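This is the structure I have questions about; it appears just below.
The values are calculated or read from the model by the stated rules, or taken from the named source; none is laboratory data. Computed from a predicted structure; not experimentally measured. Note that we place each Cβ from the backbone using ideal geometry, even for glycine, and neighbour counts take in every protein chain shown. Side chains included, ligands, DNA and RNA excluded: accessible areas come from the protein's heavy atoms. Shrake-Rupley method; radii C 1.70, N 1.55, O 1.52, S 1.80 Å.
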Amino acid sequence: MSKQAVSLSDRKSYSATLSQVSKDYMSVIGIILLAIIFSIGSYVKNGQQYFMTVSNWKNILLQSSTVAVVALGQSIILLTGNFDLSLGRVVALTSSVGAILMKNVGMAPGLAILIMFAIGILMGSFNGFMTAYVGIPAFIATLGTQYISYGVAKLLTQATPIPNMPESIGWLGRGYALESTIGKIIPICVIIMLAVYIIAQFVTSKTKIGRNIYAVGGSSEAAFFSGINVKRYYFGTFVLAGILATFGGLILMSRLNSVAVTNGQNYEFDAVIGSIVGGISLAGGKGRVIGTMFGCIFLITLFNGFSQLGVDPFVQDVLKGVALVIAITLDVLRNKKRD
Amino acid sequence: MEKDYILKVKGITKEFPGVRALDDVSFNIERGTIHALIGENGAGKSTLIKILGGIYHPNSGKIELNGEEREFHSPFEARKGGISLVHQEIKLSDPLTVAENMFLGNLMLKGKQVVDWKGMRRRAQEIVDDLGMDIDVNATVESLTVAKQQVVAIMQAINNNSKILVMDEPSAVLTDRELESMFRIVRQLREQGITIIYISHRLDEVFQLCDNVSVLRDGRHINTLPVADVTKTELINMMVGREMGLEYPKEVGNIGETILEVKNLNRGKYLKDISFKVRSGEVFGISGLVGAGRTELARAILGIDRIDSGEIYVRGKKVHYHTFAQAIDDGLGLIPEDRKLQGLVQMMSVKKNTTLVNLDRVIRRGVIKNTLEDEFSNEYTKKLNVVAPSMETEVQYLSGGNQQKVVIAKWLFQEAEILFLDEPTRGIDVGAKTEIYRLINQMVKEGRTVIMISSEMPEILGMCDRIMVMHEGRKMGELDVADATQEKIMALCV
């Protein structure tokens, strides 16, 4: 018997390590595979390399940074076992308000940004309040917020794009670190992305708040019976996601140097794909947030490659849907206990 | 003379990755008897009945039914072959009626396609009447008590003309009175010539109900013999494979002053004017039937539910906890009734579950110290003798007894002084039960206070210093264990 138990534990830990590694780095391996496929594809199609170039990768990372910042909020919500459908439209709402305040009202950008964050917090609080304290399923509550945000953004902007943001916020999305010495190599927004993910990874894995987030997502009941204020965690994670959505939106408006109601469109789903590819479980309580960053880069690489190969943008939407279903299928298979 | 065996299990072996769940198991079951199947958790009982029920397939070995070799590839085939399972978690369709459930997958038809509802209801009523039950065949299953749902599952089996009924821990969810009527039904089925395979953790039931008993241990068949030829101690020794000593190794704790006092506590219809005192180092039992308000009492004291009126004193100081967290900070704890769902985060490791209630002990300057966490969780799980492949193993892979030990480890790590245990040994095998009793001894020796809610009367009598009996939200009386008997408690229970 004891012999059996030992061999059992050996095997289990071996396979557990293996599945853990593959889960953590699945997205990184995915990115490498995509890079190889698209490099070859680009060469075959154009007779020249357009994909594997510094400027293209810079582009991929630039695009990834905004969606990744928003996706971080989604990931943390997923960890608690909830879901937020409103994030993409919260991006649209907060950046519309910001653009109008800066451009039409002439408010100082700093103050306008504060108001943007206040609105992001408000929307997150609403989601959190309805989900945690009123008891409405997150799916429904955040679907409501999605429509409200989008509707208000359209009303405010009359669905007309607002171009030319103030120069003072340009550095966020278009600035480069050490530009005077090494040139336009390291975008500031990529550094921001890395920074928020490193902080988030630390907080979720090394602090009480992080541990409790996993406990709440693993079993809200067991968390409750361990003295954790489960509702407060639900509420707090929605608020945090609102803040991150606003932040992602701010970087996006700076990078695009314009605001339209389509800013952030579908970000909530891109965020889910990124999270799941990165190893976060839709069922809650599992996965490392840093994985989400790689998941988002994977997703952007995929579509960048398709564009390079000249795949019809409409087809790309279809492929995105396929990617979402595949990602979730993988998650379900991963969580399935072997009988 | 050769006995009449309905079922022969011949050399069944079943392997899962890394573990041999059944190892060359052979025994026979006599027709028309109630045959107990016992063993500790992980002994292979569940695997065996899943093989009988067509859910698993053995790696080798055979099943002989009525002298004929059979192999079932699905529960449906097994049922057609005459074997029905009544599972721990009953699998019925809740929104359907009793009659509809009894005919699930076996609809009565008029002609080829038209369902004969009338006929089905009539037949269902006949079976209900036969069993002398008071169940409305047109009621939905979700409107019934768990006990009656179980009866519906049994009736489903009868209706399928099952010759062998496998009951997996039917008593785990029943009150004593419900158990009586379930026993009556099972005996009646035996009279009708149905063979029953009865799995239970409660050995007393085996002696009350069963004719023969088979013991499994570590996947091997140890013995099969008539219940009349064996004593309880012998059975326990066969199950655990060693001499067991006392079933209730009660030792009196380090009893001090009153540490918890409750005065005239009221909460709606659940708790009515309850007052009692508990001293430090005591094991204070709360007895009563399911629904007597015992769990509600614990929740009200611990700040989980609001109270309407009444006073609570802890260490002589009046307290009013608004949240469970406040009670925890004040040194109180609760080992909840539902270990799986409420006691542990199943997908978290042994280590992380152990430290969850009191993470602050492993946090330095806001950061969780891995080395500290490893040290502490090792210390506590070792102290409690938790058997796990490693500290990183998710608790869902541990047996029920080991899971319960992790729950206790968690509250010891919290250094709780007053610990409520709600049905601490439910569904736990004998060996682990005794270990948990020893832990209770150890806790009260250290001066901690244990308040034990339990439906198992022998456990209450065996382990407590004083016993409070509740019924319908009221305190019916308080007994010193020296004067208490099962009869006295029962008299107060109803």
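Restricting attention to region B:50-60, report how many residues are open to solvent by less than 40 Å² (accessible area, probe 1.4 Å) and either over 21 Å from B:Asp4 (Cα atoms) or part of a strand (DSSP E or B) (or both).
Residues that pass the stated criteria total 3.
Among the residues of region B:184-227, what is the count of those that are more than 19 Å from B:Ile164 (Cβ to Cβ) and among the small types (Gly, Ala, Ser)?
1
Tell me the residue from A:Gly210, A:Gly173 that is touching a helix residue (DSSP H, G or I) at 6+ places or on another chain (Cβ under 6 Å), open to solvent by less than 50 Å² (accessible area, probe 1.4 Å) and touching a residue at least 12 places away in the same chain (Cβ under 8 Å), please.
Details: A:Gly210 fails: touching a residue at least 12 places away in the same chain (Cβ under 8 Å).
That would be A:Gly173, the only listed residue that is touching a helix residue (DSSP H, G or I) at 6+ places or on another chain (Cβ under 6 Å), open to solvent by less than 50 Å² (accessible area, probe 1.4 Å) and touching a residue at least 12 places away in the same chain (Cβ under 8 Å).
Right, something else. Before we move on, is B:Lys163 among the basic types (Lys, Arg), in contact (Cβ under 8 Å) with a residue 12 or more places away in the chain and open to solvent by 30 Å² or more (accessible area, probe 1.4 Å)? Step through it out loud before you land on a result.
Numbers: among the basic types (Lys, Arg): yes; in contact (Cβ under 8 Å) with a residue 12 or more places away in the chain: yes; open to solvent by 30 Å² or more (accessible area, probe 1.4 Å): yes.
For B:Lys163, the condition - among the basic types (Lys, Arg), in contact (Cβ under 8 Å) with a residue 12 or more places away in the chain and open to solvent by 30 Å² or more (accessible area, probe 1.4 Å) - is met.
Can you tell which of B:Gly119, B:Gly82 is without any contact (Cβ under 8 Å) to a residue 12 or more places away in the chain and open to solvent by less than 60 Å² (accessible area, probe 1.4 Å)?
Exactly one residue qualifies, and that residue is B:Gly119.
Among the listed residues B:Ile467, B:Ile436, B:Ile428, B:Ile440, which satisfies the condition of being assigned by TED's automatic domain parsing to the domain that holds B:Gln326, on the phi < 0 side of the Ramachandran plot, in contact (Cβ under 8 Å) with a residue 24 or more places away in the chain and in a loop (DSSP other than H, G, I, E, B)?
Answer to the selection: B:Ile428.
Okay, next question. Among the residues in region B:446-460, are any assigned to a helix (DSSP H, G or I), under 30 Å from B:Ile38 (Cβ atoms), open to solvent by 30 Å² or more (accessible area, probe 1.4 Å) and in contact with a helix residue (DSSP H, G or I) (Cβ under 9 Å, 6 or more places away or on another chain)? Give the steps one after another, and end with the answer.
In the first step, residues of region B:446-460 are kept if they are assigned to a helix (DSSP H, G or I); the result is B:457-460.
If we keep only those that are under 30 Å from B:Ile38 (Cβ atoms) too, we end up with B:457-460.
Next cut, open to solvent by 30 Å² or more (accessible area, probe 1.4 Å) only: B:458.
Of the ones still in play, those that are also in contact with a helix residue (DSSP H, G or I) (Cβ under 9 Å, 6 or more places away or on another chain) are B:458.
Yes: one or more hits.
Something else now. Go over the candidates B:Val114, B:Val98, B:Val141, B:Val186 one by one and state the one that is at pLDDT 85 or above and open to solvent by 60 Å² or more (accessible area, probe 1.4 Å).
Of the residues listed, the single one that is at pLDDT 85 or above and open to solvent by 60 Å² or more (accessible area, probe 1.4 Å) is B:Val114.
Being open to solvent by 10 Å² or more (accessible area, probe 1.4 Å) and within 14 Å of chain B (Cβ to nearest Cβ) is the filter; apply it to region A:263-284 and report the residue that is nearest to A:Ile31 (Cα to Cα).
Of everything passing the filter in region A:263-284, A:Leu282 is nearest to A:Ile31 (Cα to Cα).
Taking region A:65-117, which residues are closer than 22 Å to A:Asp270 by Cα and among the β-branched types (Val, Ile, Thr)?
A:Thr66, A:Val67, A:Val69, A:Val70, A:Ile76, A:Ile77, A:Thr80, A:Val90, A:Val91, A:Thr94
Here's another thing I want to ask about it. Out of region B:191-201, which residues are touching a residue at least 24 places away in the same chain (Cβ under 8 Å) and surrounded by fewer than 17 Cβ atoms within 10 Å (Cβ to Cβ)?
First, pick out the residues of region B:191-201 that are touching a residue at least 24 places away in the same chain (Cβ under 8 Å): B:193-201.
Scanning region B:191-201 gives a single hit, B:Gly193.
Can you tell me which of (1) within 18 Å of the chain's Cα centre (by Cα); (2) open to solvent by 30 Å² or more (accessible area, probe 1.4 Å) is the one A:Glu221 doesn't meet?
In the conditions (1) within 18 Å of the chain's Cα centre (by Cα); (2) open to solvent by 30 Å² or more (accessible area, probe 1.4 Å), A:Glu221 misses (1) alone.
Filter region A:249-277 down to residues that are over 30 Å from B:Met347 (Cα atoms) and part of a helix (DSSP H, G or I), then give me how many there are.
8
Residues checked against (1) more than 10 Å from every other protein chain (Cβ to nearest Cβ); (2) farther than 13 Å from B:Leu419 by Cα; (3) outside any loop (DSSP other than H, G, I, E, B); (4) in contact with a Gly (Cβ under 8 Å, 6 or more places away or on another chain):
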site	(1), (2), (3), (4)
B:His322	yes, yes, no, yes
B:Ala325	no, yes, yes, yes
B:Ile328	no, no, yes, yes
B:Leu334	no, no, yes, no
B:Gln342	no, yes, yes, no
B:Val345	no, yes, no, yes
B:Asn353	no, yes, yes, no
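Collect the residues in region B:372-414 that are free of Cβ contacts under 8 Å to residues at least 60 places away in the same chain, out of contact with any Ser or Thr (no Cβ under 6 Å at 6 or more places or on another chain), part of a helix (DSSP H, G or I) and within 13 Å of another protein chain (Cβ to nearest Cβ), keeping them in residue-number order.
Those that are free of Cβ contacts under 8 Å to residues at least 60 places away in the same chain, out of contact with any Ser or Thr (no Cβ under 6 Å at 6 or more places or on another chain), part of a helix (DSSP H, G or I) and within 13 Å of another protein chain (Cβ to nearest Cβ): B:Leu372, B:Val395, B:Gln396, B:Tyr397, B:Asn402.
Of all residues in region A:195-217, count the ones that are closer than 19 Å to B:Glu394 by Cα, among the hydroxyl-bearing types (Ser, Thr, Tyr) and more than 9 Å from every other protein chain (Cβ to nearest Cβ).
The number of residues fulfilling the criteria is 1.
If you don't mind, there's one more thing I want to ask. So, in region B:13-47, exactly how many residues are of a type in the set (S, T, N, Q), out of contact with any Gly (no Cβ under 8 Å at 6 or more places or on another chain) and modelled with pLDDT of 90 or more?
Number of matching residues: 2.
Can you tell me how many residues in region B:450-494 are farther than 21 Å from B:Asp204 by Cα, of a type in the set (Asp, Glu) and at pLDDT below 90?
Of the residues in that region, 2 qualify.
Sticking with this one: Those residues that are of a type outside the set (S, T, N, Q) and either on the phi > 0 side of the Ramachandran plot or within 9 Å of chain B (Cβ to nearest Cβ) (or both), I need them from region A:218-253; list them, please.
A:Gly218, A:Glu221, A:Ala222, A:Ala223, A:Phe224, A:Phe225, A:Gly227, A:Ile228
Among residues belonging to region B:358-401 that are among the hydrophobic types (A, V, I, L, M, F, W, C) and more than 14 Å from A:Thr207 (Cα to Cα), point out the one that is most open to solvent (accessible area, probe 1.4 Å).
B:Val387
While we're looking at this one, here's another question. Run down B:Leu37, B:Leu96, B:Leu85 and say which single residue is over 21 Å from B:Lys163 (Cβ atoms) and in the same structural domain as B:Arg220 (by TED's automatic domain parsing).
Among B:Leu37, B:Leu96, B:Leu85, only B:Leu96 is over 21 Å from B:Lys163 (Cβ atoms) and in the same structural domain as B:Arg220 (by TED's automatic domain parsing).
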